[in-house]
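Enquirer: Before anything else, here's the structure in question.
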Amino acid sequence: MIEAHNLTKTYGAKTAVNDVSFTVRPGAVTGFLGPNGAGKSTTMRMIVGLDRPTAGWVTVNGRLYREHTSPLSEVGALLDAKAVHAGRSAENHLLALAATHGIPQSRVKEMIELTGLQSVARKRVGGFSLGMGQRLGIAAALLGDPQTLLLDEPINGLDPEGIRWVRALVRNLAAEGRAVLLSSHLMSEMALTADHLIVLGKGRVIADAPIAEIIGGATQSGVRVRSPQASVLATALTAPGITVTHVEHDLLTVSGLTAGAIGDVAARDGIALHELTPVTASLEEAYLQLTNDDVEYRTGAPVMDLEVSR
């Protein structure tokens, strides 16, 4: 379990993390989201003692990280897949970590097999691809069989098979009763993996709730309506506060009315319906609505008329 209490971190005049409190509970995957510059990485670094809070504190399994006599056995962290001596082999990197905690060599072999690194275990890490480096980072995080895990962008650089493997891995770890804090910018993957979300914006917690609650609280896109009499139905639905958009000749998107109300209008006027589907917000839409006012680095509109020299 991770418990953060009023965490604050400043760098001169810059406040990277501002009075952040949250709990990452066992038995669940907690997604950690936020725009670039929101304070996610700084918070994760404070959890494992790499940055000292300006104010507040954070404990892992009831203690400050530095108070654990065997930290690898308490919390496994993947914060930077490149933070490995490039001249070492993957196997030697894991053996060195194991030696610091009295972890048997058999556990190193298990982690190499679990992460699919058997064929490159004795190759130098400096020649690894990003995806292979991520697998090694996950192996290191799991080496001490910890009850708490911090994984910062673990699927970055992985192929589809690797992404699916990480998803299943973290779900299984949570099912075993471990606490998992997972950071990712891939909303579609987070929607499939996380049970709970903590969202930061400009250093503050702007959401801390189950993922279904966050998605359910977002503005819905409307109702998808398919009918061979779409134009007639569109006219029947015309009223203040209702927006009807023609998507195809027989397909409408209606906002401002529930699916039931649309069905009642169609039944009243004898209009056939072939589809009546509420369109709920995706996690990406919910996230963008939440963080709309908290994006620190906002890009401009894309320029579409660039000349390309040949």
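Enquirer: Considering only residues that are modelled with pLDDT of 95 or more, assigned to a helix (DSSP H, G or I) and not small (Gly, Ala, Ser), which ones fall in segment 136-161?
Expert: Leu136, Ile138, Leu142 - these are the residues of segment 136-161 that are modelled with pLDDT of 95 or more, assigned to a helix (DSSP H, G or I) and not small (Gly, Ala, Ser).
Enquirer: Pick from segment 63-112 the residues that are over 26 Å from the mean Cα position of the chain (by Cα) and charged (D, E, K, R): which of them is surrounded by the most Cβ atoms within 10 Å (Cβ to Cβ)? Even if it seems obvious, please write down each step before you answer.
Expert: Filtering segment 63-112 down to residues over 26 Å from the mean Cα position of the chain (by Cα) leaves 66-70, 85-110.
Next, only the ones that are charged (D, E, K, R) stay: 66-67, 88, 91, 107, 109-110.
Working: Arg66: 9, Glu67: 12, Arg88: 15, Glu91: 21, Arg107: 16, Lys109: 15, Glu110: 15.
For segment 63-112, the residue satisfying everything is Glu91.
Enquirer: Just give me the residues in segment 96-124 being in contact with a strand residue (DSSP E or B) (Cβ under 9 Å, 6 or more places away or on another chain) and either of a type in the set (D, E, K, R) or in a loop (DSSP other than H, G, I, E, B) (or both), in sequence order.
Expert: Narrowing segment 96-124 to residues in contact with a strand residue (DSSP E or B) (Cβ under 9 Å, 6 or more places away or on another chain): 120-124.
Ala121, Arg122, Lys123, Arg124 - these are the residues of segment 96-124 that are in contact with a strand residue (DSSP E or B) (Cβ under 9 Å, 6 or more places away or on another chain) and either of a type in the set (D, E, K, R) or in a loop (DSSP other than H, G, I, E, B) (or both).
Enquirer: Filter segment 216-226 down to residues that are outside any helix (DSSP H, G or I) and out of contact with any Asp or Glu (no Cβ under 6 Å at 6 or more places or on another chain) and give me whichever is surrounded by the most Cβ atoms within 10 Å (Cβ to Cβ). Break it down stepwise before answering.
Expert: So the first thing to find is which residues in segment 216-226 are outside any helix (DSSP H, G or I), and the list is 217-226.
Within this subset, residues satisfying the condition of being out of contact with any Asp or Glu (no Cβ under 6 Å at 6 or more places or on another chain) are 217, 219-225.
Details: Gly217: 13, Thr219: 10, Gln220: 14, Ser221: 14, Gly222: 23, Val223: 22, Arg224: 16, Val225: 27.
Applying the filter and picking the extreme gives Val225.
Enquirer: Is it true that Lys123 is in the same structural domain as Met46 (by TED's automatic domain parsing), of a type in the set (Lys, Arg) and in contact (Cβ under 8 Å) with a residue 24 or more places away in the chain?
Expert: Details: in the same structural domain as Met46 (by TED's automatic domain parsing): yes; of a type in the set (Lys, Arg): yes; in contact (Cβ under 8 Å) with a residue 24 or more places away in the chain: yes.
Against the criterion (in the same structural domain as Met46 (by TED's automatic domain parsing), of a type in the set (Lys, Arg) and in contact (Cβ under 8 Å) with a residue 24 or more places away in the chain), Lys123 qualifies.
Enquirer: Let me ask something additional. Determine whether segment 47-57 contains at least one residue that is modelled with pLDDT of 95 or more and over 30 Å from Gly201 (Cα atoms).
Expert: no
Enquirer: Taking the stated definitions as given, is Ala174 part of a helix (DSSP H, G or I), crowded, with 18+ Cβ neighbours inside 10 Å and small (Gly, Ala, Ser)? Walk me through how you get there before you give the answer.
Expert: Working: part of a helix (DSSP H, G or I): yes; crowded, with 18+ Cβ neighbours inside 10 Å: yes; small (Gly, Ala, Ser): yes.
Here the answer is yes, as Ala174 does meet what is asked.
Residues checked against (1) surrounded by fewer than 18 Cβ atoms within 10 Å (Cβ to Cβ); (2) farther than 30 Å from Gly56 by Cα; (3) in contact (Cβ under 8 Å) with a residue 24 or more places away in the chain:
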site	(1), (2), (3)
Ala207	no, no, yes
Ile214	no, no, yes
Pro240	yes, yes, no
Thr243	yes, yes, no
Val247	yes, yes, no
Ala272	yes, yes, yes
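The values are calculated or read from the model by the stated rules, or taken from the named source; none is laboratory data. Because the structure is predicted, anything quoted here is derived from the model rather than measured. Here the Cβ is made from the backbone with ideal geometry for all residues, glycine too, and neighbour counts use every protein chain on show.
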